[in-house]
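Colleague: The structure follows.
Just so you know, all these numbers are worked out from the coordinates, no wet-lab data involved. Since the structure is predicted, the reported quantities are computational estimates derived from the model, not experimental observations. We place every Cβ from the backbone using ideal geometry, glycine too, and count neighbours over all the protein chains shown.
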Amino acid sequence: MHYLFQRFWHSVFAFISLSSFLYGQAPESAKAVNHLGMQFQVIDKDSPLFSIWETRVVDYKTFSDETGRKWDAPDFEQTGLHPVVNVSWGDAVAFCRWLTLREQTAGTLPEGARYRLPTSAEWDKAAGLSPVTPQNMHRADLMAIEYPWGGDWPPPRNAGNYHPDLRIDDYNFTAPVGSFTPSASGLYDLGGNVWEWCMDPYNNALDFRVLRGASWRMRTPSDLQTRFRVGNIMNLRLDTYGFRVVLEIPAEQMDQTLEKMIPSKDEAEPLP
Ligand SMILES: [Ca+2]
């Protein structure tokens, strides 16, 4: 009896959570979770799933310990729940490839799915920005100054982890991921904490890559604008640079993948 009920409840819950998840109406608890405990959120049907956090020290350590890839801790103190820093663009890409292969081998990720860095345009969309094209670039709403917390300067208290001179947060260096209010799309630290490497080359410089979101060391209004981006040499490792991963799943594999990644009701609350 219990077994039948459990099966029934599982299928009902899986149906509800999958459909609501896919259409962006998932409750706060319905995140896709991978085997490292990284959590992913749907942005819209055309975007990859976004990690709600910057990649944490604990995630990256698993990778560097297993592969022997060089990683130097920064000069300041971090717990496993802080965002990893001192990682180059190549380190971030290698992490994504390692994670993809690891989960495909374990059978939790189908062959067509993969972890990767977001493009700068995907990052814009996740941050709630409309795409700017040559045709619309002079429209007033796209030119408006916009920060992750809104249009006002200075930033309000707890707007994010930025330079200590701004006196809006209690951290001199990085903060544990998820310490501040998330974006409307449910993502934490899109602004501040660490700069996030994106997939794209920076302008026409082939060995440069785009970084988004500013960091704990930034304080000038122009640098903190949501649209602001910088580029730097792809093999540079700095203590303000980290990354966020996205999970790309082909549409025809979405249901079967999410079914494995969204914790089911009976897993969360086992029946006696
Ligand atoms: Ca960030």
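Colleague: Using only the Cα atoms of segment 26-166, build the gyration tensor, take square roots of its eigenvalues as a ≥ b ≥ c, and label the shape rounded, prolate or oblate: rounded if a/c is under 1.5, else prolate if a/b is larger than b/c, else oblate.
Modeller: oblate
Colleague: Also, quick follow-up: List every residue whose amide H lies under 5 Å from the amide H of VAL210, counting only residues 5 or more places away in sequence or on a different chain, with H placed 1.01 Å from N in the peptide plane.
Modeller: Amide H neighbours of VAL210: CYS198, ASP200, TYR202.
Colleague: For the chain, find the longest principal axis of its Cα atoms and tell me its angle to the long axis of helix 57-67, 0 to 90°, nearest 10.
Modeller: 80
Colleague: Okay, moving on. If packing is taken as the average number of other Cβ atoms within 10 Å across a peptide's residues, how do 106-119, 68-81 rank, most packed first?
Modeller: Ranking, from highest mean packing down: 106-119, 68-81.
Colleague: Among rounded, prolate and oblate, which fits segment 47-248 when a ≥ b ≥ c are the square roots of the eigenvalues of its C-alpha gyration tensor, a/c under 1.5 means rounded, and a/b larger than b/c means prolate?
Modeller: It comes out oblate by the Cα gyration axes.
Colleague: Now a separate question. For a quick check: sort CYS198, CYS96 by the number of other beta carbons within 10 angstrom, fewest at the front.
Modeller: CYS96, CYS198
Colleague: Can you give the extra length, in nm with one decimal, that the chain gains between ARG167 and THR119 once fully stretched, where that is 0.36 nm per residue apart less the Cα-Cα distance?
Modeller: 14.1 nm
Colleague: Here's something else I'd like to know. Is the shape of segment 43-124 best called rounded, prolate or oblate, per the rule: a/c under 1.5 gives rounded, else a/b larger than b/c gives prolate, else oblate, with a ≥ b ≥ c the square roots of the Cα gyration tensor eigenvalues?
Modeller: Since a/c reaches 1.5 but b/c is at least a/b, the shape of segment 43-124 is classed as oblate.
Colleague: In nm, to one decimal, how far is the modelled label at ASP72 from the one at THR133, with both set 7 Å along Cα→Cβ?
Modeller: Result for the modelled spin labels: 4.6 nm.
Colleague: Now, a different point. Per DSSP helix of 4 or more residues, -39500 (n - 2.57); summed, then divided by the residues of the chain. What does that give at 222 nm, rounded to the nearest 500?
Modeller: Dividing the helical sum by the residues of the chain leaves -8000 deg cm²/dmol.
Colleague: Let me ask something else. Within a Cβ distance under 13 Å of LEU101, other residues only, what is the Lys/Arg minus Asp/Glu net charge?
Modeller: Its environment carries a net charge of +1.
Colleague: Next question. Under 24 Å Cα-Cα from LYS70, which lysines qualify once same-chain neighbours fewer than 8 residues away are excluded?
Modeller: Straight-distance partners of LYS70: LYS61.
Colleague: Quick check: net charge around SER120, other residues with Cβ under 14 Å of its Cβ, Lys/Arg +1 and Asp/Glu -1?
Modeller: Spelling it out: positives minus negatives among the neighbours equals +3.
Colleague: Taking K and R as +1 and D and E as -1, what net charge do the other residues with C-beta under 12 Å from the C-beta of ILE249 add up to?
Modeller: Charge balance in the 12 Å sphere: -2.
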